[in-house]
Amino acid sequence: MRLSAAAKKYLKMIKPLDLMIVVLLILLSFALLGVFSLQEQKEQSAGAQEILTAVITHKGKVVHKIKLTGHTGTTKYRFTNGKAYNVVVATGKKVKIVEANCPDQICVQHAAIGKAGQSIVCLPHKLIVEIKSSDGRTFGGIVN
């Protein structure tokens, strides 16, 4: 295999320390991947003991709860406050707002949630759907 003159020029510019730095950065990236994988595995094993519940609140007051741990099938809850309404559906271990008559529809477009600390907010109706854990965990294992 012959190298072009330009390739030879660039190879002369690379020093041994440059190669060591590149290799070190590659190894560091795999080490970080391993750390994050272990953390995720630890959270999943801890998740076996926790009970997740979807808590629906309106203006800070709890209006409905849906237990997600062990939940199968579909559970539908319709929140109505005057002319305002939201339809919350729990399918399996995830919750989503599937219908609302708010003008922006941001809550309906939000993805389904199923991990402790996640939430869906409907600002016009002042409604919050939040996943709470029995052991107080939120994202990343942080305790409230």
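Some notes on this structure:
- Taking amide H as placed 1.01 Å from N in the peptide plane, the amide H of residue 64 sits under 5 Å from that of 56, each at least 5 places away or on another chain.
- Along segment 75-86 the Karplus relation, 6.51 cos²θ - 1.76 cosθ + 1.60 evaluated at θ = phi - 60°, assigns HN-Hα couplings of 10, 10, 10, 10, 9, 10, 9, x, 7, 7, 8, 9 Hz to successive residues, with x for each Gly and Pro.
- Candidate cross-link partners of residue 115 among the aspartates and glutamates, defined by an alpha-carbon separation under 15 Å and a same-chain spacing of 8 or more, comprise 40, 43, 50, 130, 135.
- The alpha-carbon atoms of the chain, seen along their principal axes, cover 77, 38, 28 angstrom, with the largest extent given first.
- Measuring r between the beta carbons of residue 51 and residue 74 and using R0 = 25 Å, the FRET efficiency lands at 0.80.
- In a fully extended conformation the segment linking residue 91 and residue 43 would gain 15.1 nm over its present Cα-Cα distance, using 0.36 nm per residue.
- Distance from the Cα centroid of segment 101-133 to that of segment 1-18 is 55 Å (rounded to whole angstrom).
- Accessible surface, per residue, of the chain when the full set of protein chains is kept, probe 1.4 Å, Å²: 70
- Residue-count net charge about residue 71 - beta-carbon cut-off 11 Å; Lys, Arg +1, Asp, Glu -1: +3
- Among 15, 65, 83, residue whose mean-square fluctuation peaks in a GNM of the chain (springs only between Cα atoms under 10 Å): 15
- Heavy-atom accessible surface of segment 13-96: percent carbon and sulfur, 1.4 Å: 67
The values are calculated or read from the model by the stated rules, or taken from the named source; none is laboratory data. Note that the structure is a prediction, hence the values are computed from the model and not measured. Ideal geometry is used to build each Cβ from the backbone, glycine not excepted, and the neighbour counts take in all protein chains shown. Heavy atoms of the whole protein, side chains included, go into the accessibility calculation; ligands, DNA and RNA do not. Shrake-Rupley method; radii C 1.70, N 1.55, O 1.52, S 1.80 Å.
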